[in-house]
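These notes are about the structure you will find just below.
The values are calculated or read from the model by the stated rules, or taken from the named source; none is laboratory data. In this text the structure is predicted, and so the values were computed from the model without any measurement. Quick reminder, even Gly has a Cβ in these numbers, built from the backbone with ideal geometry, and neighbours come from all protein chains shown. Surface accessibility is based on the protein's heavy atoms, side chains included, excluding ligands, DNA and RNA. Shrake-Rupley method; radii C 1.70, N 1.55, O 1.52, S 1.80 Å.
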Amino acid sequence: MDRDELVAFLDGYLQVSAYPDKSSNGLQVEGKEEVGRVAFAVDTTLRTIEKAAKAKADMLVVHHGMIWGGLSYITGVHYKRLRALLESGINLYVAHLPLDAHPELGNNAGLLRLLGLEPRGPFGEYRGLSIGFWGEFEEARSIEKIAGMIAERLDTAVKTYGFGKREIKTVGAVSGAGAFALEEAWRKGVDLLITGELGHADYLMAMDLPQSVLVAGHYKTETLGVKALMGLLREKFGLEVFFIDEPTGL
């Protein structure tokens, strides 16, 4: 299909202009005008681009792009990545916060659905907008049980920090670097925050609030959105799609 038509659909469906984001979302690098084969990945890396090119992709759709508010110099790693994209003619499309926040295909709604939960309301306020969701079990479950479900269904290593409640009814989900929602979870009485990573200062905050946290990996928690979007483009437009898995273990 025509690249610009596909970009217009993605921009509208994901509401890319609605989110104040460090990432430059949308079409970051322009390539071929016709798109028939689309690669999906979490990150824009040289290896991801090379794998997409080898597989004859016309577009690469990612969660983490290569432009975060602008580029000052096209040198070093920026030059390598941009050269690989331009030489292959691959379009680079980026959806960062818009893909976290989407109520149907987003990472955070997806994390709740791994637990059999539907989003009950917005959660995880960032720059004035909520990018996550919270849900509620009918009956409380242990933090260990929830960790086991996430570990199995997301195929990831999970760390649990049971500083607050260990019998969980309400769950808030903010993928990736979502520890900014720790205090919000505590203030709103959300029993468990599920996120991707926890820094040293975040650990201390969770301990002192106290707030229970489940950490499932930045990379793994952000595979859900791009995979769901991949399925949508296949079904809606009949495009050839494939996922490039480049886990970091982080």
(request) Hey, can you tell me all the residues within region 183-195 that are of a type outside the set (D, E, K, R) and buried (at least 23 other Cβ atoms within 10 Å of the Cβ)? (result) A185, V190, L192, L193, I194, T195
(request) Restricting attention to helices (runs of 4 or more DSSP H) lying wholly within region 1-119, give those where 1 or more residues are farther than 24 Å from E240 by Cα. (result) 76-88, 97-101, 107-114
(request) Taking N108 as the residue in question, decide whether it is of a type outside the set (D, E, K, R), touching an Asp or Glu at 6+ places or on another chain (Cβ under 8 Å) and over 18 Å from G196 (Cα atoms). (result) no
(message) Suppose the filter is open to solvent by less than 60 Å² (accessible area, probe 1.4 Å), of a type outside the set (A, V, I, L, M), at pLDDT 95 or above and over 23 Å from A57 (Cα atoms); does T223 pass it?
(response) no
(request) Quick one: count up the residues across region 134-145 that are outside any strand (DSSP E or B) and either in contact with a helix residue (DSSP H, G or I) (Cβ under 9 Å, 6 or more places away or on another chain) or more than 10 Å from E167 (Cβ to Cβ) (or both). (result) 1
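Residues to consider are A181, A151, A185; find the one that is closer than 30 Å to Y93 by Cα, of a type in the set (G, A, S), part of a helix (DSSP H, G or I) and touching a Gly at 6+ places or on another chain (Cβ under 6 Å). Quick ask: steps written out before the conclusion?
Details: A151 fails: touching a Gly at 6+ places or on another chain (Cβ under 6 Å); A185 fails: closer than 30 Å to Y93 by Cα.
Every option except A181 fails the conditions.
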(request) Could you grab the pairs with beta carbons closer than 6 Å, sequence gap of 6+ or different chains, first residue in region 8-21 and hydroxyl-bearing (S, T, Y), second one in a helix (DSSP H, G or I)? (result) Y19/L97; Y19/P98
(request) Kindly indicate whether G164 is part of a loop (DSSP other than H, G, I, E, B), under 22 Å from P122 (Cα atoms) and not polar (S, T, N, Q). (result) yes
(message) Exactly one condition in (1) more than 18 Å from the chain's Cα centre (by Cα); (2) surrounded by 14 or more Cβ atoms within 10 Å (Cβ to Cβ); (3) touching a residue at least 60 places away in the same chain (Cβ under 8 Å) is false for A55; which is it?
(response) (2)
(request) State which residue pairs qualify: first residue within 10 Å of G172 (Cα to Cα) and free of Cβ contacts under 8 Å to residues at least 60 places away in the same chain and inside region 121-136, second residue among the aromatic types (F, W, Y) and crowded, with 22+ Cβ neighbours inside 10 Å in any location, beta carbons under 6 Å apart, and separation of 6 or more residues or different chains. (result) G121/W134; G132/F123; F133/F123; W134/F123
(request) Look through A216, A201, A177, A157 and report the one residue that is surrounded by fewer than 19 Cβ atoms within 10 Å (Cβ to Cβ), modelled with pLDDT of 95 or more and under 16 Å from the mean Cα position of the chain (by Cα). (result) A177
(request) Search region 75-94 for residues that are at positive phi and pair each with any residue that is open to solvent by less than 80 Å² (accessible area, probe 1.4 Å) when their beta-carbon atoms are under 8 Å apart and the residues are at least 6 apart or on different chains. (result) G89/G31; G89/K32; G89/D58
(message) Which condition from (1) surrounded by fewer than 14 Cβ atoms within 10 Å (Cβ to Cβ); (2) in contact with a helix residue (DSSP H, G or I) (Cβ under 7 Å, 6 or more places away or on another chain); (3) closer than 18 Å to R234 by Cα is the one that P103 breaks?
(response) (3)
